[in-house]
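One structure below.
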Amino acid sequence: MAFSLSDERERELSKIVARYPNKMAACIPVLHLCQEANGNWVSDEVIEFVAQKLELGAAHVKGVVTFYTLFNQSPPGRHQVWICRTLSCALRGSGELIEHCEKRLGVHLGETTKNGKVTLRTAECLASCGTAPVMQVDRTYYENLTTEAVDRVLDRLMNE
Amino acid sequence: MLKRTDYLTKNYSAPDSWSIALYERDGGYRSAEKAFGIPREALVDEIKKAHIRGRGGAGFDCGTKMSFMPKESKKPHYLVINGDEGEPGTFKDRSIMEKNPHSLIEGCIIGAYAIGAHVAYIYVRDELHLSKARLEQAIVEARAKGYLGDRPFGRGYGVEVHVHTGAGAYICGEETALLNSLEGRRGEPRIKPPFPAQSGAFGCPTTVNNVETIALLPTALAMGGDTFSQLSLLHSFNDGGARIFGLSGHVKKPGLYECAVGLTLRELIYDLGGGVLGDRKMIGVIPGGSSCPVHLPDEIVNVKDPRFEPFNGKSILDLPLGVDTFRLAGSMLGTCCAMVLSDAVDPVLAIQNLMQFYKHESCGQCTPCREGCGWIVRILDKIVEGKGTMEELDRVHEIANDITGNTICAFGDGAAQPALAFVKRYRKNFEDYILRGGRSQTGRLSL
């Protein structure tokens, strides 16, 4: 099925394009907009749509999508959880937290829980080293994490 | 020399620190208004006098970079702000964007006028949703007040500021990769020359500056460039003003500390950070983001330069943190956000962790970096598993040296230097893994 945007998102798209001297520059923000409208992933239909809207080749858009880690090329769970694994967080116990989350959710890194609610991933440095360990859930940061704090968040996501 | 300042961080703990009301109560936007009364070249000269060394890691002088912009040009000029903060250990720009966004917006107005630009793009990494929201709100507030738009402060020089989002790629913190990403391309660094001042965003003259660098412009202008520079102990090194120092890892009070330039690592870790967690022994410190070499606490400074007289013979922990002091001492200041490793840390696991980061973030454009980072990780994995050989340990050296200087951008060096520094300083720990299966190592990173 062809992909399309709601009228509201179409207006948002026009606003984004207006910020730049050419349409190509809107590629990344427009992909974000479309990804959000498409259940948080970029399908071939989305790539076609963006290519047509911005007058770009589909290959260019696909090249952009595959370069950046935050464009999902397959559907993730309803919520995305990223735990920072880089050194500052690792010094503060993120390695142990990652293992804990895998057990608690019954998934390996990169996988989605059976009920489709949570995709568990690691992130590279989230720029929150002074409040390590840190995780990002969708758009929100959770800092100074403990296993108890992680459990509270995961339970909420799983029981939603 | 420990001298706390609060030019950027004064209101960080206020519940509405990001509001324009609070920012203006402390004199906000008066510097931007003042700037429009100064001819462009004189303004750049004033910024030069402030000796603001780029806060993003390279430490290039802000005013000098602005002076590279063409005086006359038929093409539009652009100011691009690098808010792609992602260097492991670094978390200062995020705090400015979240808690003091107006300092950056005002800095953008001053900076745009100084380089002859009418448009500024703030490139923010996608993960920082709160930063983006606060900046967007700050732009709306500033426009409503008449500080942005066609006629800021009633003058005829229009300035627009836009927030641009990335999509998860550390390499986009490299200025030419950032420009490609801004243009809607894959974030692969460009070959220089041409430098951005000749051909940057959209093929037009562009200045790319770090968030903190630009956010300091209002303060520098309010005080006068020279007065601002002299806040620093390293004024004689042309390294002026104050900056935000970060501290993370095994310390009692990790966080951000704004101080005059010239603070030492010892002051940062012990006086401000309260010392090492659990009063353990410190085995190493990475001075300013993971691309800087790790240092042992007992390393002695010895530099043949008359300005180093007060520091020679002392520990590196007592060398003032400055762009040139650390460069001349064979280190790197980077982003000035230090990471502390206590004796609970297994240094072999620490560099394994960091090299996994570099392997993941290499853009893949240059073979030495793309393959080399992966090879180093593979060797480190083998060593940690107890299957490594001494020959392979030496090969880490060889690979890192082959990456250095052989890539389009500085990422390659930034990945190779930490590997070299860890192997050089903790060679015994690596050998222990190879010869004795790592029996005497902690096997841990956390306490």
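The values are calculated or read from the model by the stated rules, or taken from the named source; none is laboratory data. What you see is a predicted model; the values in this text were computed from it and never measured. For neighbour counting, all protein chains shown are included, and Cβ atoms are generated from backbone atoms with ideal geometry for every residue, glycine included.
Within the stretch B:425-447, the residues that satisfy the criterion of being buried (at least 21 other Cβ atoms within 10 Å of the Cβ) and assigned to a helix (DSSP H, G or I) are B:ASN429, B:PHE430, B:TYR433. Restricting attention to the stretch B:172-223, the residues that are in a helix (DSSP H, G or I) and more than 9 Å from chain A (Cβ to nearest Cβ) total 20. Checking each residue in the stretch A:9-40 for being within 14 Å of chain B (Cβ to nearest Cβ), surrounded by fewer than 15 Cβ atoms within 10 Å (Cβ to Cβ) and either part of a helix (DSSP H, G or I) or of a type in the set (Phe, Trp, Tyr) (or both) picks out A:LYS15, A:ALA18, A:GLU36.
Can you work out which of the residues in the stretch B:140-171 that are free of Cβ contacts under 8 Å to residues at least 40 places away in the same chain and not in a loop (DSSP other than H, G, I, E, B) is surrounded by the most Cβ atoms within 10 Å (Cβ to Cβ)? Walk me through how you get there before you give the answer.
From the stretch B:140-171, those free of Cβ contacts under 8 Å to residues at least 40 places away in the same chain are B:140, B:143-144, B:146, B:149-151, B:154, B:156; that's our starting set.
Filter once more, keeping what is not in a loop (DSSP other than H, G, I, E, B): B:140, B:143-144, B:149, B:154.
Working: B:VAL140: 12, B:ARG143: 16, B:ALA144: 11, B:GLY149: 13, B:GLY154: 8.
By that ranking, first place goes to B:ARG143.
Among the helices (runs of 4 or more DSSP H) confined to the stretch B:21-101, the ones with at least 2 residues that are of a type in the set (Asp, Glu) and touching a Gly at 6+ places or on another chain (Cβ under 8 Å) are located at B:40-49. Being more than 14 Å from chain A (Cβ to nearest Cβ), buried (at least 23 other Cβ atoms within 10 Å of the Cβ) and closer than 28 Å to B:ALA21 by Cα holds for only one residue in B:ILE122, B:ILE110, and it is B:ILE110.
Could you check how many residues of the stretch B:191-238 are among the hydroxyl-bearing types (Ser, Thr, Tyr) and more than 20 Å from the chain's Cα centre (by Cα)? Counting residues in the stretch B:191-238 that are among the hydroxyl-bearing types (Ser, Thr, Tyr) and more than 20 Å from the chain's Cα centre (by Cα) gives 3.
Please go through the stretch B:169-222 and pick out each residue that is charged (D, E, K, R) and touching a strand residue (DSSP E or B) at 6+ places or on another chain (Cβ under 8 Å). Even if it seems obvious, please write down each step before you answer.
First, the residues of the stretch B:169-222 that are charged (D, E, K, R): B:174-175, B:183, B:185-186, B:188, B:190, B:192, B:212.
The answer is B:GLU175, B:GLU212.
Per this entry, A:GLY130 is counted among residues that are in contact with a Gly (Cβ under 7 Å, 6 or more places away or on another chain) and assigned to a helix (DSSP H, G or I). The residues on offer are A:GLY93, A:GLY57, and the sole one that is of a type in the set (Gly, Ala, Ser), without any contact (Cβ under 8 Å) to a residue 60 or more places away in the chain and outside the structural domain of A:ALA149 (by TED's automatic domain parsing) is A:GLY57.
If only residues of the stretch B:303-342 that are on the phi < 0 side of the Ramachandran plot and within 14 Å of another protein chain (Cβ to nearest Cβ) are counted, the one that is surrounded by the fewest Cβ atoms within 10 Å (Cβ to Cβ) is B:SER342.
In the set (1) within 14 Å of chain A (Cβ to nearest Cβ); (2) under 30 Å from B:LYS71 (Cβ atoms); (3) not hydroxyl-bearing (Ser, Thr, Tyr), B:LEU247 fails one condition alone, (2).
When the stretch A:111-127 is examined, which residues are found to be in a loop (DSSP other than H, G, I, E, B), buried (at least 18 other Cβ atoms within 10 Å of the Cβ) and away from chain B (no Cβ under 13 Å)?
From the stretch A:111-127, those in a loop (DSSP other than H, G, I, E, B) are A:111, A:113-117, A:124-127; that's our starting set.
From what is left, the residues that are buried (at least 18 other Cβ atoms within 10 Å of the Cβ) are A:113, A:124-127.
Residue satisfying the conditions is A:THR113 alone.
How about the stretch B:102-139: which of its residues are of a type in the set (Lys, Arg) and assigned to a helix (DSSP H, G or I)?
Applying the first criterion (of a type in the set (Lys, Arg)) to the stretch B:102-139 yields B:125, B:132, B:134.
Answer for the stretch B:102-139, where residues must be of a type in the set (Lys, Arg) and assigned to a helix (DSSP H, G or I): B:LYS132, B:ARG134.
Pairing each residue of the stretch B:388-412 that is of a type in the set (S, T, N, Q) with any residue that is part of a loop (DSSP other than H, G, I, E, B), provided the two are 6+ apart or on different chains, yields C-beta distances under 6 Å for B:THR407/B:CYS366.
Out of the residues in the stretch B:50-87 meeting the condition of being of a type in the set (D, E, K, R) and under 21 Å from the mean Cα position of the chain (by Cα), tell me which one is surrounded by the fewest Cβ atoms within 10 Å (Cβ to Cβ). Spell out how you get there, then give the answer.
Kept after step one, since they are of a type in the set (D, E, K, R), are these residues of the stretch B:50-87: B:53, B:55, B:61, B:65, B:71-72, B:74-75, B:84-85, B:87.
Next, from what is left, pick out any that are under 21 Å from the mean Cα position of the chain (by Cα): B:53, B:55, B:61, B:65, B:84-85, B:87.
Working: B:ARG53: 27, B:ARG55: 29, B:ASP61: 20, B:LYS65: 23, B:ASP84: 28, B:GLU85: 31, B:GLU87: 26.
Taking the candidates together, the pick is B:ASP61.
Criterion first (farther than 25 Å from A:LEU91 by Cβ, touching a helix residue (DSSP H, G or I) at 6+ places or on another chain (Cβ under 6 Å) and within 14 Å of chain A (Cβ to nearest Cβ)) does B:CYS373 satisfy it? Here the answer is no, as B:CYS373 does not meet what is asked.
Taking B:LYS132, is it surrounded by fewer than 21 Cβ atoms within 10 Å (Cβ to Cβ), among the basic types (Lys, Arg), in contact (Cβ under 8 Å) with a residue 24 or more places away in the chain and under 24 Å from B:GLU98 (Cα atoms)? Explain how you work it out, then say what you get.
Details: surrounded by fewer than 21 Cβ atoms within 10 Å (Cβ to Cβ): no; among the basic types (Lys, Arg): yes; in contact (Cβ under 8 Å) with a residue 24 or more places away in the chain: yes; under 24 Å from B:GLU98 (Cα atoms): yes.
No, not satisfied.
A:THR69 falls short on exactly one of the conditions (1) within 12 Å of chain B (Cβ to nearest Cβ); (2) over 14 Å from the mean Cα position of the chain (by Cα); (3) not basic (Lys, Arg), and that condition is (2).
Would a scan of the stretch A:146-158 turn up a residue that is within 14 Å of chain B (Cβ to nearest Cβ), surrounded by fewer than 18 Cβ atoms within 10 Å (Cβ to Cβ) and outside any helix (DSSP H, G or I)? Before you say what the answer is, go through the steps one by one.
Keep residues of the stretch A:146-158 that are within 14 Å of chain B (Cβ to nearest Cβ), which gives A:146-147.
Filter again for surrounded by fewer than 18 Cβ atoms within 10 Å (Cβ to Cβ), leaving A:146-147.
When the remaining residues are screened for being outside any helix (DSSP H, G or I), the result is A:146.
Within the stretch A:146-158 (the criterion being within 14 Å of chain B (Cβ to nearest Cβ), surrounded by fewer than 18 Cβ atoms within 10 Å (Cβ to Cβ) and outside any helix (DSSP H, G or I)), the answer is yes, since at least one residue qualifies.
Return only the number of the condition from (1) part of a loop (DSSP other than H, G, I, E, B); (2) surrounded by fewer than 24 Cβ atoms within 10 Å (Cβ to Cβ) that B:THR227 does not satisfy. Condition (1) is where B:THR227 drops out.
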